[in-house]
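The values are calculated or read from the model by the stated rules, or taken from the named source; none is laboratory data. Worth saying up front: this structure is predicted, and the values here are computed from it rather than measured. Please note: Cβ atoms are built from the backbone with ideal geometry, for glycine as well, and neighbour counts cover all protein chains shown. Side chains included, ligands, DNA and RNA excluded: accessible areas come from the protein's heavy atoms. Shrake-Rupley method; radii C 1.70, N 1.55, O 1.52, S 1.80 Å.
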Amino acid sequence: MRLTLNRLFLSLLTLSAPLPLLAANGHYVPGIEASGGAFMPPVQGLYYRAYLVHYDIRQVADARGDDLPGNNTGSVTAFANRLLYVTDRTFLGANYGVEAIVPVQRTSLRFRGLGVDSSESGVGDVYLGPVVLGWHGTQWDTVFAAGFWLDTAEHDPRDPATIGRGHPATMLTLGGAWHFDPERRWSVSALSRYEIKGEQDDTGITPGDSWLVEWALSHRLDSGLEVGLAGYDAWQLEADTGAGNNNKAERHAAGLELGYRWPDTGLQLKGAVYHEYSVKAGSGGVQPSGNLFRLALTTAF
C-alpha cells in the first residue's frame, strides 16, 4: 500500500493561495500547477501539499498592456497548506473527495512611479471545497471540483498590498490529461478555473467573472526526473459592476517545470518558473507584471 500511495500522491488535484495582485480579477493564482494539475488520487486517504510561491514584480501595466513610467517593483511571497481527503465513495463513476487550503502571504510594493510604498503580511482568504471528483482511464484522467473562497482575510481597499480580496467567490474547476503511452511518460494536460464573485462590502463593487487555463506538456525521463513546458492564460470575462469603467484584466505566461519523486519516502518536489509576456489591467487601472517562481512539496499519509 505504501508503494501504491507513493505512485499516486503526485496526482493531487490543484488549488493555490489567493494572492490578489497576481490573479486575473480572482482569488486563484495561475501558475501554481502545471503537469500535475488535472489529476486526483484514486485511492482513499489523506494527502498534503505545501506550496511556496514567489512573484517578482518587474513593472506595472495599464489597461492597454503598456508599462507605466517609473521604477515600479515589488514582490509577493506565499506559503499555502492544502489538505485533500479522498473518501471510499464514488459518484457518477468518479472518486469523491473534499479539500481545504489555508495560505499565509507577504506583499511588499515599491511602485515609485505611482507613489506606492506598502508592505502587508497575514493569513489569506481560506478555500473550502466540498466537492472533488476524479475519473481515471488507462491513458487519461479528468477532474471536476466546486468550492468557495471565504472572505476571511483582512482587506483594505485603500492599500494595494492588502492580503484579502474583500469578497467571497465560488470556484468551479474542470481539467483533464492525456497520456500518449501506457507508461504515462509523455503527457499533455489542461486545467481550467471559473470564478463567480460576490460583492465587496467596503466598496460596493462586484468583480466580474474570471476564467483561466493552466497547460503543460511533460516527459518523464529514465532517471525519474520530469521535465515540461508549462504556461497559463487568464481572462476577466465581465467588467466589474460599479467600478466606473469596462476594463477587463488579462494575464499570459509561459515557462518550464521540473519534478522528481522519491518512492521510498513518499515525497515529490516540483518547481517551475514562468515569465509573463502580456498583462492588462482591469477596472483598478494598473496591474503588476513579472516572473513567478513556484515549489510544491507533496506527500500522502
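Is one or more of the residues making up the stretch 275-287 among the basic types (K, R), open to solvent by less than 20 Å² (accessible area, probe 1.4 Å) and at pLDDT below 95?
At the first step, the residues of the stretch 275-287 found to be among the basic types (K, R) are 280.
Narrowing the set further to residues that are open to solvent by less than 20 Å² (accessible area, probe 1.4 Å) leaves none.
Among the residues of the stretch 275-287, not one is among the basic types (K, R), open to solvent by less than 20 Å² (accessible area, probe 1.4 Å) and at pLDDT below 95, which makes the answer no.
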Collect the residues in the stretch 112-154 that are under 15 Å from the mean Cα position of the chain (by Cα) and charged (D, E, K, R), keeping them in residue-number order. D125
From the list G129, G122, G70, pick out the single residue that is at positive phi and touching an Asp or Glu at 6+ places or on another chain (Cβ under 9 Å). G122
Give the residues of the stretch 261-301 that are more than 15 Å from S75 (Cα to Cα) and hydroxyl-bearing (S, T, Y), sorted by residue number. T265, Y277, S278, S283, T298, T299
Breaking point among (1) touching a Lys or Arg at 6+ places or on another chain (Cβ under 8 Å); (2) without any contact (Cβ under 8 Å) to a residue 40 or more places away in the chain; (3) open to solvent by 40 Å² or more (accessible area, probe 1.4 Å), for G271: (3)
Considering only residues that are in a loop (DSSP other than H, G, I, E, B) and on the phi < 0 side of the Ramachandran plot, look in the stretch 259-268 and name the one that is most open to solvent (accessible area, probe 1.4 Å). D264
Can you tell which of R158, R165 is open to solvent by 30 Å² or more (accessible area, probe 1.4 Å), out of contact with any strand residue (DSSP E or B) (no Cβ under 9 Å at 6 or more places or on another chain) and not in a strand (DSSP E or B)? R158
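I'd like the full set of residues that are open to solvent by less than 50 Å² (accessible area, probe 1.4 Å) and either in a loop (DSSP other than H, G, I, E, B) or at pLDDT 95 or above (or both), limited to the stretch 196-211. Break it down into steps so the answer makes sense when it comes.
Let us first name the residues in the stretch 196-211 that are open to solvent by less than 50 Å² (accessible area, probe 1.4 Å), namely 197-198, 200, 204-210.
Scanning the stretch 196-211 gives G198, Q200, G204, I205, P207, G208, D209.
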Quick check on my filter: what residues within the stretch 110-148 are among the aromatic types (F, W, Y), modelled with pLDDT of 90 or more and open to solvent by less than 40 Å² (accessible area, probe 1.4 Å)? Y127
What are the pairs, 6+ residues apart or on separate chains, where a residue within the stretch 212-235 that is open to solvent by less than 50 Å² (accessible area, probe 1.4 Å) has its Cβ under 7 Å from a residue that is among the acidic types (D, E) and part of a loop (DSSP other than H, G, I, E, B)? E214/E33
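Taking the stretch 70-99, which residues are among the basic types (K, R) and buried (at least 21 other Cβ atoms within 10 Å of the Cβ)? Let's see the steps before the verdict.
Filtering the stretch 70-99 down to residues among the basic types (K, R) leaves 82, 89.
If the condition is that a residue be among the basic types (K, R) and buried (at least 21 other Cβ atoms within 10 Å of the Cβ), then R82 is the only one that fits.
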The listed residue being of a type outside the set (V, I, T), under 21 Å from G176 (Cα atoms), part of a strand (DSSP E or B) and open to solvent by less than 50 Å² (accessible area, probe 1.4 Å), out of Y55, Y47: Y47
Looking only at residues that are within 16 Å of D240 (Cβ to Cβ) and modelled with pLDDT of 90 or more in the stretch 155-173, which one is nearest to the chain's Cα centre (by Cα)? A169
Output for Cβ contacts, cut-off 7 Å, separation at least six or different chains, first residue in contact (Cβ under 8 Å) with a residue 24 or more places away in the chain in the stretch 243-263, second of a type in the set (V, I, T) and open to solvent by 20 Å² or more (accessible area, probe 1.4 Å), reads A243/I205; G255/V273; L256/V273; L258/V227
Count, please, the residues in the stretch 236-258 that happen to be more than 25 Å from Y55 (Cα to Cα) and open to solvent by 40 Å² or more (accessible area, probe 1.4 Å). 6
Filtering the stretch 237-256 down to residues that are in a loop (DSSP other than H, G, I, E, B) and either touching a Leu at 6+ places or on another chain (Cβ under 8 Å) or not aliphatic (A, V, I, L, M) (or both) yields E238, D240, G242, G244, N245, N246, N247, K248
